[in-house]
Amino acid sequence: MSSTSTKRIIIEPFELYDEGKEQFIRVDKRTEIVLCHSLVSVAKWEAKWKRPYLSNEPMTVDMTLDYIKCMTISQNVDPKVYYGLTPANIEEIKQYIEDPMTATTFNGNPNETASRSYSREKITSELIYYLMTANNIPVEFQKWHLNRLLTLLKVCAIKSAPPKKMSKKDMVSNYAALNAARRAKYHTKG
(Lines give C-alpha, C1' and ligand atoms only; values in the text may rest on other atoms or scores of the structure.)
Protein backbone atom coordinates (compact mmCIF):
# COMPACT_ATOMS: atom_id res chain seq x y z
CA MET A 1 0.00 0.00 0.00
CA SER A 2 1.44 3.36 -0.93
CA SER A 3 2.20 5.82 1.84
CA THR A 4 0.17 8.53 0.09
CA SER A 5 -3.06 6.59 0.60
CA THR A 6 -2.49 6.22 4.34
CA LYS A 7 -2.43 8.69 7.20
CA ARG A 8 -0.10 8.62 10.20
CA ILE A 9 -1.46 9.97 13.49
CA ILE A 10 0.60 10.49 16.64
CA ILE A 11 -1.16 10.07 19.99
CA GLU A 12 0.75 11.45 22.93
CA PRO A 13 0.77 9.78 26.38
CA PHE A 14 -2.35 10.66 28.37
CA GLU A 15 -4.44 9.93 31.43
CA LEU A 16 -8.25 10.29 31.49
CA TYR A 17 -10.91 9.44 34.01
CA ASP A 18 -13.84 7.30 32.82
CA GLU A 19 -16.75 8.34 35.03
CA GLY A 20 -18.97 5.50 33.79
CA LYS A 21 -16.48 2.83 34.84
CA GLU A 22 -15.04 4.93 37.69
CA GLN A 23 -11.47 4.25 36.63
CA PHE A 24 -8.52 5.97 35.02
CA ILE A 25 -7.50 5.26 31.44
CA ARG A 26 -3.79 5.70 31.02
CA VAL A 27 -1.38 5.28 28.12
CA ASP A 28 2.26 5.92 29.05
CA LYS A 29 3.92 5.92 25.66
CA ARG A 30 3.61 7.93 22.49
CA THR A 31 1.78 5.86 19.86
CA GLU A 32 1.71 6.16 16.10
CA ILE A 33 -1.25 4.66 14.26
CA VAL A 34 -1.45 4.28 10.48
CA LEU A 35 -4.90 4.70 8.96
CA CYS A 36 -6.28 3.70 5.57
CA HIS A 37 -9.71 5.02 4.49
CA SER A 38 -10.59 2.23 2.07
CA LEU A 39 -13.33 -0.12 0.99
CA VAL A 40 -11.88 -2.70 3.38
CA SER A 41 -12.35 -0.39 6.38
CA VAL A 42 -15.87 0.57 5.24
CA ALA A 43 -16.85 -3.11 4.90
CA LYS A 44 -15.56 -3.85 8.44
CA TRP A 45 -17.49 -0.89 9.87
CA GLU A 46 -20.72 -1.76 8.02
CA ALA A 47 -20.50 -5.37 9.21
CA LYS A 48 -20.51 -4.12 12.80
CA TRP A 49 -23.00 -1.23 12.57
CA LYS A 50 -25.40 -2.72 9.96
CA ARG A 51 -25.86 0.59 8.12
CA PRO A 52 -24.27 2.22 5.08
CA TYR A 53 -21.12 4.19 5.84
CA LEU A 54 -21.76 6.49 2.86
CA SER A 55 -25.01 8.02 4.04
CA ASN A 56 -26.20 11.43 5.12
CA GLU A 57 -27.14 10.13 8.57
CA PRO A 58 -24.90 11.55 11.28
CA MET A 59 -22.56 9.21 13.15
CA THR A 60 -22.33 8.99 16.92
CA VAL A 61 -19.00 9.47 18.67
CA ASP A 62 -18.81 5.69 19.18
CA MET A 63 -19.41 5.08 15.46
CA THR A 64 -16.73 7.60 14.52
CA LEU A 65 -14.17 6.12 16.92
CA ASP A 66 -15.01 2.65 15.69
CA TYR A 67 -14.47 3.73 12.08
CA ILE A 68 -11.04 5.07 13.05
CA LYS A 69 -10.33 1.64 14.57
CA CYS A 70 -11.52 -0.03 11.34
CA MET A 71 -9.16 2.20 9.35
CA THR A 72 -6.17 1.32 11.54
CA ILE A 73 -3.68 -0.90 9.73
CA SER A 74 -1.04 -0.73 12.47
CA GLN A 75 -0.65 -4.01 14.30
CA ASN A 76 -1.25 -4.61 18.02
CA VAL A 77 -2.63 -1.18 18.91
CA ASP A 78 -3.79 -0.89 22.51
CA PRO A 79 -7.55 -0.12 22.29
CA LYS A 80 -7.15 2.52 25.03
CA VAL A 81 -5.01 4.62 22.66
CA TYR A 82 -8.08 5.83 20.76
CA TYR A 83 -9.34 7.65 23.88
CA GLY A 84 -6.28 9.89 23.54
CA LEU A 85 -7.26 11.29 20.14
CA THR A 86 -7.36 15.06 20.40
CA PRO A 87 -9.74 17.38 18.53
CA ALA A 88 -6.75 18.26 16.31
CA ASN A 89 -6.21 14.53 15.56
CA ILE A 90 -9.91 14.12 14.72
CA GLU A 91 -9.79 17.15 12.38
CA GLU A 92 -6.66 15.75 10.68
CA ILE A 93 -8.41 12.40 10.19
CA LYS A 94 -11.53 14.15 8.84
CA GLN A 95 -9.43 16.06 6.28
CA TYR A 96 -7.73 12.82 5.24
CA ILE A 97 -11.11 11.09 4.77
CA GLU A 98 -12.44 14.00 2.67
CA ASP A 99 -9.31 14.28 0.47
CA PRO A 100 -10.22 13.31 -3.13
CA MET A 101 -6.72 11.78 -3.66
CA THR A 102 -6.99 12.51 -7.39
CA ALA A 103 -6.78 15.32 -9.94
CA THR A 104 -10.02 14.16 -11.59
CA THR A 105 -12.98 16.51 -11.19
CA PHE A 106 -16.53 16.36 -12.50
CA ASN A 107 -18.49 19.13 -14.22
CA GLY A 108 -15.55 21.47 -13.70
CA ASN A 109 -16.09 21.49 -9.94
CA PRO A 110 -12.78 20.71 -8.19
CA ASN A 111 -14.55 20.42 -4.82
CA GLU A 112 -17.00 17.70 -5.91
CA THR A 113 -15.78 14.33 -4.77
CA ALA A 114 -17.14 11.10 -6.14
CA SER A 115 -18.52 10.14 -2.73
CA ARG A 116 -20.68 13.28 -2.71
CA SER A 117 -21.95 12.58 -6.21
CA TYR A 118 -23.23 9.17 -5.07
CA SER A 119 -25.09 10.66 -2.10
CA ARG A 120 -28.59 10.16 -3.57
CA GLU A 121 -28.21 6.37 -3.64
CA LYS A 122 -27.87 3.93 -0.79
CA ILE A 123 -24.25 2.88 -1.33
CA THR A 124 -22.92 -0.05 0.69
CA SER A 125 -19.60 -1.84 0.49
CA GLU A 126 -21.25 -4.75 -1.33
CA LEU A 127 -22.55 -2.41 -4.05
CA ILE A 128 -19.06 -0.97 -4.48
CA TYR A 129 -17.60 -4.50 -4.74
CA TYR A 130 -20.26 -5.29 -7.36
CA LEU A 131 -19.35 -2.16 -9.34
CA MET A 132 -15.68 -3.12 -9.16
CA THR A 133 -16.50 -6.60 -10.49
CA ALA A 134 -18.80 -5.25 -13.23
CA ASN A 135 -16.05 -2.88 -14.38
CA ASN A 136 -13.25 -5.48 -14.15
CA ILE A 137 -11.45 -3.50 -11.46
CA PRO A 138 -8.97 -5.73 -9.60
CA VAL A 139 -9.85 -6.61 -6.02
CA GLU A 140 -6.53 -5.09 -4.89
CA PHE A 141 -8.11 -1.67 -5.48
CA GLN A 142 -10.22 -2.26 -2.35
CA LYS A 143 -7.18 -0.91 -0.48
CA TRP A 144 -7.12 2.38 -2.41
CA HIS A 145 -8.30 5.51 -0.64
CA LEU A 146 -12.10 5.24 -0.89
CA ASN A 147 -12.58 8.58 -2.67
CA ARG A 148 -10.09 7.60 -5.35
CA LEU A 149 -11.86 4.27 -5.89
CA LEU A 150 -15.27 5.99 -6.10
CA THR A 151 -13.83 8.45 -8.61
CA LEU A 152 -12.55 5.57 -10.74
CA LEU A 153 -16.00 3.94 -10.63
CA LYS A 154 -17.65 7.20 -11.67
CA VAL A 155 -15.19 7.59 -14.56
CA CYS A 156 -16.02 4.01 -15.65
CA ALA A 157 -19.74 4.85 -15.57
CA ILE A 158 -19.24 8.02 -17.61
CA LYS A 159 -16.97 6.39 -20.19
CA SER A 160 -19.19 3.34 -20.66
CA ALA A 161 -22.47 5.28 -20.89
CA PRO A 162 -24.07 5.39 -24.36
CA PRO A 163 -23.64 8.74 -26.12
CA LYS A 164 -26.39 11.23 -25.44
CA LYS A 165 -28.90 11.73 -28.20
CA MET A 166 -28.54 15.12 -29.85
CA SER A 167 -31.51 17.50 -29.67
CA LYS A 168 -33.05 18.67 -32.95
CA LYS A 169 -31.74 22.18 -32.34
CA ASP A 170 -28.18 20.87 -31.81
CA MET A 171 -28.48 18.59 -34.85
CA VAL A 172 -29.61 21.48 -37.12
CA SER A 173 -26.81 23.65 -35.74
CA ASN A 174 -24.27 20.86 -36.30
CA TYR A 175 -25.44 20.30 -39.91
CA ALA A 176 -25.30 24.05 -40.61
CA ALA A 177 -21.71 24.20 -39.32
CA LEU A 178 -20.71 21.17 -41.44
CA ASN A 179 -22.34 22.68 -44.55
CA ALA A 180 -20.61 26.03 -43.94
CA ALA A 181 -17.25 24.25 -43.59
CA ARG A 182 -17.82 22.33 -46.84
CA ARG A 183 -18.83 25.51 -48.73
CA ALA A 184 -15.68 27.22 -47.49
CA LYS A 185 -13.48 24.24 -48.36
CA TYR A 186 -14.85 23.77 -51.90
CA HIS A 187 -15.54 27.48 -52.57
CA THR A 188 -19.19 26.88 -53.42
CA LYS A 189 -22.39 28.70 -52.57
CA GLY A 190 -24.73 25.85 -52.07
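The values are calculated or read from the model by the stated rules, or taken from the named source; none is laboratory data. Just so we're clear, the structure is a prediction, and the values are computed from it rather than from any experiment. Cβ: placed from backbone, ideal geometry, glycine included. Neighbour counts: every protein chain shown. Calculation scope for accessible area: heavy atoms of the full protein, side chains included, ligands and nucleic acids excluded. Shrake-Rupley method; radii C 1.70, N 1.55, O 1.52, S 1.80 Å.
Could you tell me whether R182 is open to solvent by 50 Å² or more (accessible area, probe 1.4 Å), within 19 Å of F106 (Cβ to Cβ) and assigned to a helix (DSSP H, G or I)? Answer is no for this residue. Scanning the range 69-83 for residues being in a helix (DSSP H, G or I) and surrounded by fewer than 17 Cβ atoms within 10 Å (Cβ to Cβ) gives a total of 3.
Taken over the range 62-112, the criterion of being in contact with a strand residue (DSSP E or B) (Cβ under 6 Å, 6 or more places away or on another chain) and of a type in the set (S, T, N, Q) is satisfied by T72, S74, N89. The condition of being at pLDDT below 95, within 18 Å of the chain's Cα centre (by Cα) and either surrounded by 14 or more Cβ atoms within 10 Å (Cβ to Cβ) or of a type in the set (G, A, S) (or both) holds for only one of R116, R120, R148, that being R116. Screening L16, L35 for residues that are open to solvent by less than 80 Å² (accessible area, probe 1.4 Å), modelled with pLDDT under 95, in contact with a strand residue (DSSP E or B) (Cβ under 7 Å, 6 or more places away or on another chain) and among the hydrophobic types (A, V, I, L, M, F, W, C) leaves exactly one candidate, L16. Taking the conditions exactly as written (over 30 Å from L152 (Cβ atoms), modelled with pLDDT under 90 and over 13 Å from the mean Cα position of the chain (by Cα)), does I25 satisfy them or not? When the stated conditions are applied, I25 passes them. T60 meets each of the listed conditions (1) touching a residue at least 24 places away in the same chain (Cβ under 8 Å); (2) surrounded by fewer than 18 Cβ atoms within 10 Å (Cβ to Cβ); (3) of a type in the set (S, T, Y) apart from (1). Each residue in the range 22-68 was checked for being more than 19 Å from Q95 (Cβ to Cβ), outside any helix (DSSP H, G or I) and of a type in the set (A, V, I, L, M), and 2 of them qualify.
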